[in-house]
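K.L.:
Please find one structure pasted underneath; my questions will follow.
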Amino acid sequence: MSTHERPRTPTRVAVDAQALGDLYSAPAILRVVNVWDAASARVVAELPGTTAIATAGHGIAASHGYPDGEQIPLALMLDSIDRISRAAEHLPITADLDGGYGDVGETVRRAIGVGASGANIEDRMRPFAESVTLMHHAVAAGADEGVAFALNARTDALIADSSVPRADALSEAVRRGRAYIEAGATCVFVPGVLTADETRTLVSGIGDRLVSVIGLPGALTAAEYEALGVARISYGPMPQNVALTALKRLGASLYGDGVIPGDTEQLNNF
């Protein structure tokens with residue numbers, strides 16, 4: 001199958017959205033290994049434990065030579081999501097749509113059109129009312145398309161300003177998280193390395209199975225977060241970083257007296 005076959009129908013995206021919502025609310029934490037192109041999507045999709053595919057906005061941008069933060073043109077980002085969707089055609093797709101690209105409703109509609117049944121949208125610590133409206137518009141755009149769009153509403157409360165006392169940042173994350181859930185979000189993504197106590201504060205304040213976290217070096221394990229009531233764990237740009245680190249080390253070895261390891265798999269055959 002090439003990546004230009006089997007586009008998802010609107011009905012299929014709607015079914016995927018319901019499945020994605022069910023994965024968020026299930027007792028088991030939703031584990032997603034973020035991908036950045038069709039090849040990485042195919043590899044992850046074929047793993048037995050994969051139940052959904054999550055794109056990495058940073059990773060997609062980097063793969064095209066752009067820095068993170070909506071520097072990559074939206075059309076190119078959506079084309080990448082489309083290719084990922086087709087490469088992993090049997091799984092629901094949740095996309096990283098950064099801060100919404102200026103018109104979050106139109107961006108969500110276009111993302112649905114290329115197969116996404118959910119997405120991360122960043123508040124970037126915009127004013128509170130503006131941020132709530134942003135999340136509401138994302139959910140409403142999905143509803144207009146007949147999709148119960150699984151919005152993983154991201155608040156940058158813990159990472160935007162290191163001078164803010166941690167307790168205050170946690171309180172703001174809870175305040176925003178509650179408001180985003182009321183606006184229709186499926187889950188609230190709070191990036192940052194979280195301790196067990198901080199995770200308890202977020203889950204207690206926002207709700208059981210309503211908090212999403214990122215697995216960074218120094219973070220808790222997925223099982224530990226699951227036991228604390230977290231709904232989802234993703235890994236952002238880290239899978240791509242790990243892959244590129246392996247490439248760098250291989251290259252250094254091959255410039256010496258190394259050879260391609262004998263257990264190397266042929267994983268990029270389309």
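Where a number appears in this text, it was derived from the coordinates with a stated rule and is not lab data. These numbers were taken from a predicted model, which means no experiment stands behind them. For neighbour counting, all protein chains shown are included, and Cβ atoms are generated from backbone atoms with ideal geometry for every residue, glycine included.
K.L.:
Looking only at residues in region 179-205 that are aliphatic (A, V, I, L, M) and buried (at least 24 other Cβ atoms within 10 Å of the Cβ), which one is farthest from ASP156 (Cα to Cα)?
P.N.:
Of all residues in region 179-205, those aliphatic (A, V, I, L, M) come to 179, 181, 183, 185, 188, 190, 193-194, 196, 202-203.
Keeping just the survivors that are buried (at least 24 other Cβ atoms within 10 Å of the Cβ) gives 185, 188, 190, 194, 202.
On the way: ALA185: 16, VAL188: 11, VAL190: 7, LEU194: 13, LEU202: 13 Å.
Applying the filter and picking the extreme gives ALA185.
K.L.:
Which of (1) buried (at least 24 other Cβ atoms within 10 Å of the Cβ); (2) free of Cβ contacts under 8 Å to residues at least 24 places away in the same chain is the odd one out, the single condition ASP22 does not satisfy?
P.N.:
The one condition ASP22 does not meet is (1).
K.L.:
Then there's this: Name the pairs: first residue in region 153-167 and closer than 13 Å to PHE128 by Cβ and free of Cβ contacts under 8 Å to residues at least 40 places away in the same chain, second residue of a type in the set (Gly, Ala, Ser) and not in a loop (DSSP other than H, G, I, E, B), Cβ to Cβ under 7 Å, at least 6 apart or on different chains?
P.N.:
THR155/ALA173; THR155/GLY177; ALA157/ALA169; ALA157/ALA173
K.L.:
Considering only residues that are part of a loop (DSSP other than H, G, I, E, B) and hydroxyl-bearing (Ser, Thr, Tyr), look in region 177-234 and name the one that is nearest to ALA167 (Cα to Cα). So that I can check it myself, show each step before the final result.
P.N.:
Within region 177-234, the first condition is being part of a loop (DSSP other than H, G, I, E, B), and the residues that meet it are 183-186, 190-195, 207-210, 215-221, 228-231.
Within this subset, residues satisfying the condition of being hydroxyl-bearing (Ser, Thr, Tyr) are 186, 195, 221.
Working: THR186: 25, THR195: 12, THR221: 23 Å.
By that ranking, first place goes to THR195.
K.L.:
Output the residues belonging to region 21-40 that are over 16 Å from ALA223 (Cα atoms) and either of a type in the set (Val, Ile, Thr) or part of a loop (DSSP other than H, G, I, E, B) (or both). Spell out the reasoning first.
P.N.:
Kept after step one, since they are over 16 Å from ALA223 (Cα atoms), are these residues of region 21-40: 21-22, 34-40.
ASN34, VAL35, TRP36, ASP37, listed by residue number.
K.L.:
Something else now. Could you count how many residues in region 156-176 are assigned to a helix (DSSP H, G or I), among the acidic types (Asp, Glu) and farther than 17 Å from VAL213 by Cα?
P.N.:
The first filter runs over region 156-176 and keeps only residues assigned to a helix (DSSP H, G or I), leaving 166-176.
Going one step further and asking which of them are among the acidic types (Asp, Glu), we end up with 168, 172.
Keeping just the survivors that are farther than 17 Å from VAL213 by Cα gives 168.
Of the residues in that region, 1 qualify.
K.L.:
Something else now. Condition (residue is crowded, with 19+ Cβ neighbours inside 10 Å and not in a helix (DSSP H, G or I)) applied to region 123-140: is it met by at least one residue? Steps first, answer last, please.
P.N.:
Narrowing region 123-140 to residues crowded, with 19+ Cβ neighbours inside 10 Å: 123, 131-132, 134-139.
Then keep just the ones that are not in a helix (DSSP H, G or I); that gives 123.
Looking for residues that are crowded, with 19+ Cβ neighbours inside 10 Å and not in a helix (DSSP H, G or I), one finds at least one in region 123-140, hence yes.
K.L.:
Please verify whether region 175-191 includes one or more residues that are touching a Leu at 6+ places or on another chain (Cβ under 7 Å) and without any contact (Cβ under 8 Å) to a residue 24 or more places away in the chain.
P.N.:
no
K.L.:
Here's a follow-up. Give me the residue from region 206-218 that is among the small types (Gly, Ala, Ser) and surrounded by 15 or more Cβ atoms within 10 Å (Cβ to Cβ) and, out of that set, nearest to LEU20 (Cα to Cα). Talk me through it step by step, then tell me what you get.
P.N.:
Step one: list which residues in region 206-218 are among the small types (Gly, Ala, Ser), which gives 207, 212, 215, 218.
Add one more test, that the residue is surrounded by 15 or more Cβ atoms within 10 Å (Cβ to Cβ), and what stays is 207, 212, 215.
Working: GLY207: 18, SER212: 14, GLY215: 20 Å.
This residue is SER212.
K.L.:
Another question about this same structure. Would you check which residues across region 219-270 are surrounded by 13 or more Cβ atoms within 10 Å (Cβ to Cβ) and aromatic (Phe, Trp, Tyr) and list them?
P.N.:
TYR225, TYR235
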